[in-house]
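K.L.:
Let me give you the structure first, and then I'll get to my questions.
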Amino acid sequence: MLRNSPVRRFAVTTAAVAVLATPLTACDSKDQADKKTSAAPAPQTLCGIKLPEDAERALLDLLGAQKLDTSGSRSSVRDTAEALSAGRASGDNDYELCRAFGPSSETRSITFTFSTTDEVPKQPASQFTQYKMGAMALSRPRSALLFMKCSSDRFASGFDDPVVIRGELYNMMPTGKSNDTLTQENLNVLHAVSVGLARNLGCANNAHLSSEFSMPPKV
C-alpha cells in the first residue's frame, strides 16, 4: 500500500489532473461540434425550390430583409407544375407558385406566377427592357417576365411540340436601390425559380435555361 511517499503524492496529483482535464476535453469537443453545426446552415428554399446563394441574396435584397418568409409550402412547385400540365393555368389564368416577404411586413412582398401561353410576344411592352434569356426575358424595377419553351411528356404535346410558359415576378414595393440593380436582381431570382419549375416539369434541357445565372445581354 502506498502512503505519503513521493510516489503516492505523484499518483494522486496525476489522477486529479486527469479528472480535471476530462470535462475540459469534453467541452472542447462539444464547442467544436457546435461550431461545425453553426457553420453549415440549411440551404434556403423558396416554396420547394432550392435557391442558389446569389439568387437568395438578390431576393433578400429586393425585400430589404435579413430573413425570408413565404406563403407557400414545399409542394408549391409540384402543384404549379401539375396545374400547368393539366391546363389549369393558361392565358390570363396565372397560377401563383409562391409569395415571398420579409418577416416584419407582408406589405413588401414578391409574387411568382406562371401560366402557359400561345406564343412568345413579338412586340413586348415598351416599359420593359428585353434580354436574351430563355425564349424571351423582360425586366424593369418593379417586375420581370420570362418566357420559356418546355418540351416534356407532362404535356399532351409531349416532346414534339414545346409549350410556351410565361413566368412573372412582381415586386409590390421595390426598395430604394438603383433601377439597374433592381432590374438585374429581378431577373436573377425569376431565373432561379423558373429553372426549379422547369426541372420539376421535366423540360428538355431545362427549357434552355442555364443552371447558373449570369446577366444576359440586352436585345
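K.L.:
I'd like the Karplus ³J(HN,Hα) series for the stretch 117-123: coefficients 6.51, -1.76, 1.60, θ = phi - 60°, whole numbers in Hz, and an x wherever there's a Gly or Pro.
P.N.:
9, 5, 7, 6, x, 8, 10
K.L.:
Related question: What number comes out for the charge environment of Asp54, summing +1 per Lys or Arg and -1 per Asp or Glu over other residues with Cβ under 12 Å away?
P.N.:
So the surrounding residues net to -4.
K.L.:
If the reach is capped at under 19 angstrom between alpha carbons, list the aspartates and glutamates near Lys218, excluding any in the same chain fewer than eight residues apart.
P.N.:
Filter leaves Glu168, Asp180, Glu185.
K.L.:
Now for a separate question. If you add up the charges near Val120, with Lys and Arg at +1 and Asp and Glu at -1, over every other residue whose beta carbon is less than 12 angstrom from its beta carbon, what do you get?
P.N.:
Local net charge: +1.
K.L.:
Another question, if that's okay. Restrict the search to the stretch 74-176; then list the GluC sites (Glu not before Pro) that DSSP places in a loop and that have at most 14 other Cβ atoms within 10 Å of their Cβ.
P.N.:
Passing sites in the stretch 74-176 are Glu119.
K.L.:
While we're looking at this one, here's another question. What does the accessible area per residue of the stretch 118-167 come to in Å², with a 1.4 Å probe and no ligands, DNA or RNA counted?
P.N.:
53
K.L.:
Using alpha-carbon positions, what is the distance between the centroids of the stretch 169-206 and the stretch 126-154, in Å?
P.N.:
9
K.L.:
Accessible area per residue of the stretch 180-219 at 1.4 Å probe, in Å²?
P.N.:
Using a 1.4 Å probe on heavy atoms only, each residue of the stretch 180-219 averages 44 Å².
The values are calculated or read from the model by the stated rules, or taken from the named source; none is laboratory data. Values in this document were obtained by computation on a predicted structure and should not be read as measured data. For neighbour counting, all protein chains shown are included, and Cβ atoms are generated from backbone atoms with ideal geometry for every residue, glycine included. Accessible surface areas use protein heavy atoms only, side chains included; no ligands, DNA or RNA. Shrake-Rupley method; radii C 1.70, N 1.55, O 1.52, S 1.80 Å.
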